[in-house]
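Peer 1: Have a look at the structure that comes next, please.
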Amino acid sequence: MAEAAKFFEETSEPANFFEKKSQIENFVAKHNEESTPVVLVTSGGTTVPLEGNTVRYIDNFSIGTRGSASAEYFLEHGYAVLFLHRQRSLQPFTRHLPQSHLLDILEVKGDNEGPTLCVKQESTSKLLNIIQKYHAVQQEGRLLMIEFTTLVDYLHLLRASSLILSTLGKKASLYLAAAVSDFYIPKNKMPQHKIQSSNGPLQLSLELVPKMLEALVKNWVSSAFVVSFKLETDPNLLTVKAQQSLEKYEHQLVIGNILDTRKYEVVFVTNSDIDWIKLDDKDIQNGVEIESKIVKNIVERHRQFCCE
Ligand code: 9Z3
């Protein structure tokens with residue numbers, strides 16, 4: 001825990017930190033007054049810069065499918081969603097409009113008045129449905145989107161959000177789906193300027209990022225319902241690692257997933273049981289997203305947690 005405190009002392013807050021913090025404070029206060037449950041959904045990968053004036057960085061695979069889809073399902077269940085996401089990763093609602101197809105769903109129609117831009121007939125109902133849901137959520141002020149890029153930005157915003165959410169007690173939930181780097185280069189060990197290839201092959205030495213889940217669960221937001229994700233590539237390690245994480249941090253739920261199968265199956269690990277959630281062939285044919293099942297299950301668990 002001392003390591004976490006040291007990390008924050010030695011790193012700088014992201015740009016517009018105080019503006020973002022006050023947006024989060026207002027959002028949480030509004031939903032506290034209205035007694036709406038609030039969930040913090042983290043989403044996307046984090047970058048680890050190699051230089052102060054960053055030209056190069058280390059990144060990971062996550063594009064935020066899990067987080068953005070889950071945010072939509074939490075909204076469907078009546079939650080207010082604080083969506084802490086990697087800049088340019090997928091976002092709720094717009095994720096249904098992949099940029100490469102955007103121009104294909106539009107057409108230009110002309111009459112005497114001049115050209116008009118229309119949505120093609122075959123895409124209208126899908127788009128209408130998304131836009132109606134989006135506008136309803138906006139009108140109710142139930143979605144706040146906050147961006148980050150680097151690991152350091154993410155952790156500062158995670159801590160600030162958690163501290164603010166702690167005012168909600170058990171009504172707050174955290175759903176930590178972002179793929180967060182375990183390694184980084186501290187500022188005092190990072191060159192300020194672009195690393196020169198003329199110096200020869202590059203050898204990197206990365207340090208471990210302190211385990212922030214411990215500070216989050218014990219200090220920042222101790223009454224909330226906390227769900228973390230555990231990602232592995234070796235199926236033999238998954239449940240064991242998820243159980244170890246739960247034992248160590250003593251939060252409510254770890255959801256384990258394997259990189260290759262993450263869209264079709266996940267495992268819920270709690271103190272009392274291990275449950276797999278899977279899509280069957282029919283679900284896949286019908287376009288069911290696993291996040292709909294994950295979120296439905298969590299909403300029920302959170303409801304019970306609030307009654308305890
Ligand atoms: C996850 O495991 C997410 O489900 C994914 C989602 C990142 C796999 P996509 O964005 O992927 O939909 O493509 N998130 C947590 C990953 C993580 O960093 N966990 C750490 C760990 O496994 C910390 S708890 O050790």
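The values are calculated or read from the model by the stated rules, or taken from the named source; none is laboratory data. These numbers were taken from a predicted model, which means no experiment stands behind them. For neighbour counting, all protein chains shown are included, and Cβ atoms are generated from backbone atoms with ideal geometry for every residue, glycine included. We work out accessible area using only protein heavy atoms, side chains counted, and drop any ligands, DNA or RNA first. Shrake-Rupley method; radii C 1.70, N 1.55, O 1.52, S 1.80 Å.
Peer 1: If I filter the stretch 93-111 for residues that are more than 13 Å from the ligand (Cβ to nearest atom) and closer than 24 Å to Val227 by Cα, do I get at least one hit?
Peer 2: Of all residues in the stretch 93-111, those more than 13 Å from the ligand (Cβ to nearest atom) come to 93-94, 96-111.
In the following step, the residues that additionally are closer than 24 Å to Val227 by Cα were identified as 93.
There is at least one residue in the stretch 93-111 that is more than 13 Å from the ligand (Cβ to nearest atom) and closer than 24 Å to Val227 by Cα.
Peer 1: Considering only residues of the stretch 70-84 that are in a helix (DSSP H, G or I) and under 10 Å from the mean Cα position of the chain (by Cα), which is farthest from the ligand (Cβ to nearest atom)?
Peer 2: So the first thing to find is which residues in the stretch 70-84 are in a helix (DSSP H, G or I), and the list is 70-76.
Then drop every residue that is not under 10 Å from the mean Cα position of the chain (by Cα), which leaves 70-71.
Details: Ser70: 9, Ala71: 12 Å.
Residue satisfying both the conditions and the ranking: Ala71.
Peer 1: Find all pairs meeting these conditions: Cβ atoms under 7 angstrom apart; at least six residues apart or on different chains; first residue within the stretch 153-176 and buried (at least 21 other Cβ atoms within 10 Å of the Cβ); second residue at pLDDT below 95.
Peer 2: Going by the 7 Å Cβ cut-off, there are no qualifying pairs.
Peer 1: Still on this structure: Which of the numbered conditions does Ser272 fail, given that it passes all the others? Conditions: (1) within 13 Å of the ligand (Cβ to nearest atom); (2) open to solvent by 70 Å² or more (accessible area, probe 1.4 Å).
Peer 2: Single failed check for Ser272: (1).
Peer 1: Also: Looking only at the stretch 11-28, count how many residues are acidic (Asp, Glu), open to solvent by less than 100 Å² (accessible area, probe 1.4 Å) and not in a loop (DSSP other than H, G, I, E, B). Lay out the reasoning, then the answer.
Peer 2: Residues of the stretch 11-28 that are acidic (Asp, Glu), as a first pass: 13, 19, 25.
From the residues that got through so far, the ones that are open to solvent by less than 100 Å² (accessible area, probe 1.4 Å) too are 13, 25.
Cutting the leftovers down to not in a loop (DSSP other than H, G, I, E, B) gives us 25.
Result for the stretch 11-28: 1.
Peer 1: Taking the condition of being farther than 18 Å from Thr233 by Cα and either hydrophobic (A, V, I, L, M, F, W, C) or within 16 Å of the ligand (Cβ to nearest atom) (or both), how many residues in the stretch 54-63 meet it?
Peer 2: 2
Peer 1: If you don't mind, there's one more thing I want to ask. Give me the pairs, please: first residue somewhere in the stretch 214-231 and farther than 16 Å from Ala177 by Cβ, second residue anywhere and away from the ligand (no atom under 16 Å from the Cβ) and in a helix (DSSP H, G or I), beta-carbon distance under 6 Å, and either six or more positions apart or on two chains.
Peer 2: These pairs meet every condition: Trp220/Leu163; Val221/Leu165; Val221/Ser166; Ser223/Gly169; Ser223/Lys170.
Peer 1: Turning to a different aspect of this structure: Looking only at the stretch 29-69, filter to residues that are in a helix (DSSP H, G or I) and among the polar types (S, T, N, Q); which one of those is surrounded by the fewest Cβ atoms within 10 Å (Cβ to Cβ)?
Peer 2: Asn32
Peer 1: Taking the criterion of being away from the ligand (no atom under 15 Å from the Cβ) and either modelled with pLDDT of 95 or more or not aromatic (Phe, Trp, Tyr) (or both), would at least one residue in the stretch 245-257 satisfy it?
Peer 2: No, there is no match, as no residue in the stretch 245-257 is away from the ligand (no atom under 15 Å from the Cβ) and either modelled with pLDDT of 95 or more or not aromatic (Phe, Trp, Tyr) (or both).
Peer 1: Considering the stretch 201-213 alone, what residues qualify as being in contact (Cβ under 8 Å) with a residue 24 or more places away in the chain and either touching a Cys at 6+ places or on another chain (Cβ under 6 Å) or open to solvent by 80 Å² or more (accessible area, probe 1.4 Å) (or both)?
Peer 2: Leu204, Leu208, Lys211
Peer 1: Taking the conditions exactly as written (within 19 Å of the chain's Cα centre (by Cα) and either within 14 Å of the ligand (Cβ to nearest atom) or of a type outside the set (A, V, I, L, M, F, W, C) (or both)), does Glu51 satisfy them or not? Talk me through it step by step, then tell me what you get.
Peer 2: Details: within 19 Å of the chain's Cα centre (by Cα): no; either within 14 Å of the ligand (Cβ to nearest atom) or of a type outside the set (A, V, I, L, M, F, W, C) (or both): yes.
So Glu51 does not fit the description; no.
Peer 1: hydroxyl-bearing (Ser, Thr, Tyr), open to solvent by 70 Å² or more (accessible area, probe 1.4 Å), in contact with a helix residue (DSSP H, G or I) (Cβ under 7 Å, 6 or more places away or on another chain) and within 11 Å of the ligand (Cβ to nearest atom): does that describe Thr233? Before the answer, list the steps.
Peer 2: Working: hydroxyl-bearing (Ser, Thr, Tyr): yes; open to solvent by 70 Å² or more (accessible area, probe 1.4 Å): yes; in contact with a helix residue (DSSP H, G or I) (Cβ under 7 Å, 6 or more places away or on another chain): yes; within 11 Å of the ligand (Cβ to nearest atom): yes.
Criteria met by Thr233.
Peer 1: Further, regarding this structure: Between a first residue in the stretch 80-103 that is without any contact (Cβ under 8 Å) to a residue 40 or more places away in the chain and a second residue that is surrounded by fewer than 24 Cβ atoms within 10 Å (Cβ to Cβ) and not in a strand (DSSP E or B), which pairs have beta carbons less than 6 Å apart while being 6 or more apart in sequence or on different chains?
Peer 2: His96/Ile130
Peer 1: Please go through (1) open to solvent by less than 40 Å² (accessible area, probe 1.4 Å); (2) free of Cβ contacts under 8 Å to residues at least 60 places away in the same chain for Glu265 and return the number of the only condition it doesn't satisfy.
Peer 2: (1)
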